[in-house]
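One structure is given below, encoded as structure tokens.
Where a number appears in this text, it was derived from the coordinates with a stated rule and is not lab data. The model shown is predicted, which means the values in this text are computed figures rather than measured ones. Methodologically, a virtual Cβ is constructed for each residue, glycine included, from the backbone with ideal geometry; neighbour enumeration extends over all protein chains shown.
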Amino acid sequence: MDLGEGIRKALAKLSGATIIDAKTIREFNKELQKALISADVEISLVFALTKKIEESALKSDLPAGVSPRDYITNLVYEELIKLMGSSYSPEIRPKKILLLGIYGSGKTTTAAKLAKFYQDRGVSAALICCDVTRPAAYEQLEMLAKQANVAFFGIKGEKDVKKIVRDAYAELRGKKVLICDSSGRSAMDNELITELKEIASEFKPDEKFLVINADTGQIAGKQASEFDKAVKLTGVIVTKLDGSGKGGGALSAVNAAHVNITFAGVGEKLNAIELYDSKKYVGRLLGMPDLDTLITHVQDAIKEAQIKPEDMQSTELNFDTFYTQLKAMSKMGPLKNMLGMLGMVDTPKELVEQSEKKLKKYKVIIGSMTKAEREDERLMHDQSRIRRVAKGSGTMEKDVRELLSDFAKMKKVISRFQTDRNFKKNMSKFMPGVDV
């Protein structure tokens, strides 16, 4: 069970409560403590948080018209935000960024994500390889730079990090954001500290970001403290936050070490990096929709898939427009993340996985249709066409029929949504932000 699931289950037990008394809040706090501790949040922080919740809940009466569950949810939301730290908003301007971290933190991939983040916002970026110890570090960063469409510099086989930085300045003149990827170790040691200080003295970075894997849990606090003591960090980037049950432990530990969290890695794709926002993170834990982030992801996916905006705005739904939507969805990362942004965080894992497989299959099937078939789905009700498309897509005829059936249902729902005001009003309860 991950942190969000544990918190939501604890809150769900308040559904039948009619009052908030000492017994009710203490029983809830026990469940909340279990969830937080199992997610590797440091025990003293857990007890401090639940004590604040108890004090706040019992010192005032339940507001009129507010259910006990909603009231406690709001208290948990406010206290978790304090525990997870403040949000981050960088200036989009020329800067030099040094990335640090131990092996397995995701530092090199994060360097490419960060370069793409700035370049997508109109500031040219470049990657510098100063990882002179890990085999194939040069090749990996060079490959990632090509995928991110950003400049790259390194000197294969060179061990002098100062020389690499000096030569990079000459080669990358004109690039606005320079991101230097440094060596890692299995743990902090004197050799690494010396090397990092040499890079920092030559590179003179504006930002020194430690990259930490969310799976490290509360150990993240110790890592942050050690690196901060050695090179004085300006921030921390937490990777794999989307799939880690210990994510809350890492975030709270870093915050306790008095180092700001700046970015969060939320997937494998190069666009899967977000500015850290404690309100949004805690909101997702509690199952609250995050439509702002979802819209941003949609816009980025459309751009990456090289889809014209007008193609996404077509009022006519046919296989051609559906295929365009599937292309954009494939650029947005795991379906689980999209459902989370809609507040549908407790959708069964098996159902999500089945849906992802089905959407991938549908994309292949539509890709095997002719232009005429894509524009007029009625043509696909011919058995010979079904047979041909199934063979061309490497699927079964029953898969093509399943697509036709699901597509017909989808068109029916959309048609009803457009014409039936009461249906639209009821659907809006499950789709926050929809204009009725």
Amide H contacts of ARG134 (H built 1.01 Å from N, under 5 Å, at least 5 apart or other chain): GLY184
Contour minus Cα-Cα distance for ASP167 and LEU275 (0.36 nm per residue): 35.8 nm
Quotient of Cα Rg and 2.2 N^0.38 Å for region 68-144, N being how many residues it contains: 1.61
In order through region 386-400: 3J(HN,Hα) via Karplus (6.51 cos²θ - 1.76 cosθ + 1.60), integer Hz, x for Gly, Pro: 4, 4, 5, 5, 4, 5, x, 9, x, 10, 8, 4, 5, 5, 5
Order of MET188, MET84 under a 10 Å beta carbon neighbour criterion, fewest first: MET188, MET84
Phi-based couplings in Hz for region 352-368 (Karplus 6.51, -1.76, 1.60; Gly and Pro marked x): 5, 5, 5, 5, 4, 5, 5, 5, 4, 5, 5, 4, 5, 5, 5, x, 8
Overall Cα dimensions of region 95-285, principal axis frame, Å, largest first: 45, 37, 27
Neighbour-count ranking [beta-carbon atoms within 10 angstrom, fewest first] of SER201, SER252: SER201, SER252
q = 0.15, 0.16, 0.19, 0.24 Å⁻¹, region 3-84: log10 I(q)/I(0) [Debye, one scatterer per Cα]: -0.47, -0.54, -0.76, -1.24
Residue-wise HN-Hα coupling along region 251-257, computed from phi with Karplus coefficients 6.51, -1.76, 1.60 (Hz; x: Gly, Pro): 5, 5, 5, 5, 4, 5, 7
Stretch gain in nm, segment GLU198-MET410, where the contour uses 0.36 nm per residue and the Cα spacing is subtracted: 70.3 nm
Distance in nm between pseudo-label sites at ASP120 and LYS159 (7 Å out along the Cβ direction from Cα): 3.9 nm
Amide hydrogen neighbours beyond the local backbone of VAL211, cut-off 5 Å, H modeled: LEU100, GLY101, ILE237
Unit Cα scatterers, Debye sum, region 21-130: log10 I(q)/I(0) for q = 0.14, 0.18, 0.23 Å⁻¹: -0.74, -0.89, -1.25
Under the Debye formula (equal points on every Cα, no solvent term), log10 I(q)/I(0) of region 111-192 at q = 0.13, 0.14, 0.26, 0.27 Å⁻¹: -0.39, -0.45, -1.26, -1.31
Segment GLU350-LYS51, extension gain: residue separation times 0.36 nm, minus the distance between their alpha carbons: 103.9 nm
